[in-house]
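Structure, as structure tokens:
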Amino acid sequence: DFSPANVPDYWFASPTKVPKLSGMNRFVWEMRYPPPASLPYSYYGELLEYTEYTLADHAIPGLTPRQMLRGPRIVPGKYSVELRHGGQTLRQPLTVELDPRVHASFQDLVQQRDLGLKIVRGMQSSYGSYGQVAALHKALTEHKELLQSGDAGTKDAVERISKEIEGLEKGTKTAPGFGPVNRDLGRLLFSVENADMRPAQSLLTAVQQLCDVLSNDSMKWQQLNEQEISVLNAKASNGKAPALPQIAVTTNGCKE
């Protein structure tokens, strides 16, 4: 189930399916972690209703991945492959070896993978938080007229929370919200995975800066849920407006 794209369907690769025929089957397995949770957030600061394909990675008719951002590559080593069917689990060892054309060390590749997974965690966190904030924004918009029919204190609280929600969704250039953070982390993930090499210090710094912003946004979101929404719901409890949803916010951000 994909969002509409801004390119024709003939660009996209068909979904990969594992054969189910009896006997020997061949299946090409791309050794990557799952793709990140990516918002269709534009560079103009708004959530789009379609997926905007702006990266040239694998832009080949009939072979372009549906998900523009792919998960980090695994590192060389020993793994185990499991096949589960009919209540049984079959396991086979799998050894992944380094392409001889790659000159990066094992430690370089581990650092690259770990940075990619850090970005993926940040994207998952910002994606989930954006959805939560958007749900609150929708509820507040639907019941804003009823909420503002209360006393002056309730009206002020509604306006203050509305501004805080906008800051958490969009933010500013110096203090971006969950949407821009998710978008910019995705750009950095593309840079990390662009070649088999140790991440540059400038890239490490850029990722950490966005993770710090995400952590700050998460704390603001937690405070808004635990304090200001509770106060507003208490003020509006005697009126006709229903209580706004409150969410148990996690603030892990880019951390494991």
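We did not get these values from a lab; they are worked out from the coordinates using the rules stated. Keep in mind the model is a prediction, meaning the values are calculated, not measured. Cβ sites come from the backbone with ideal geometry, for glycine too, and all protein chains shown count toward neighbours.
Summary of values
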read-out	value
The range 66-125 shape via C-alpha gyration tensor axes, a/c threshold 1.5	oblate
Within the chain, longest stretch clear of exposed chymotrypsin sites (Phe, Trp or Tyr not before Pro) (DSSP loop, no more than 13 other Cβ within 10 Å)	51-256
Spin-label pair residue 175/residue 49, simplified geometry with 7 Å Cα→Cβ offset, distance in nm	3.2
Ascending count of other beta-carbon atoms within 10 Å, so fewest first, for 125, 162, 22	22, 162, 125
The range 36-138 - Debye-derived log10 I(q)/I(0), Cα point model, q = 0.12, 0.17, 0.20 Å⁻¹	-0.69, -1.07, -1.15
Given (1) 165; (2) 185; (3) 118, the label whose value is volume of the Cα convex hull per residue in Å³ derived from this model	(2)
Reach of residue 138 by Cα under 25 Å, taken over lysines that are not fewer than 8 positions away in the same chain	155, 163, 170, 173, 220, 235, 240
Relative contact order computed over the range 106-235 (Cα-Cα under 8 Å; 6+ residues apart), in percent	37
With Cα atoms, 0 to 90° folded angle of helix 106-147 axis to the chain main axis	30
For the range 106-235, with +1 on Lys and Arg beta carbons and -1 on Asp and Glu, the positive-most of 146, 230, 172 along the dipole	172
Rounded D (µm²/s) - the range 155-256, Kirkwood Rh over Cα pairs, Stokes-Einstein at 10 °C, 1.306 mPa s	102
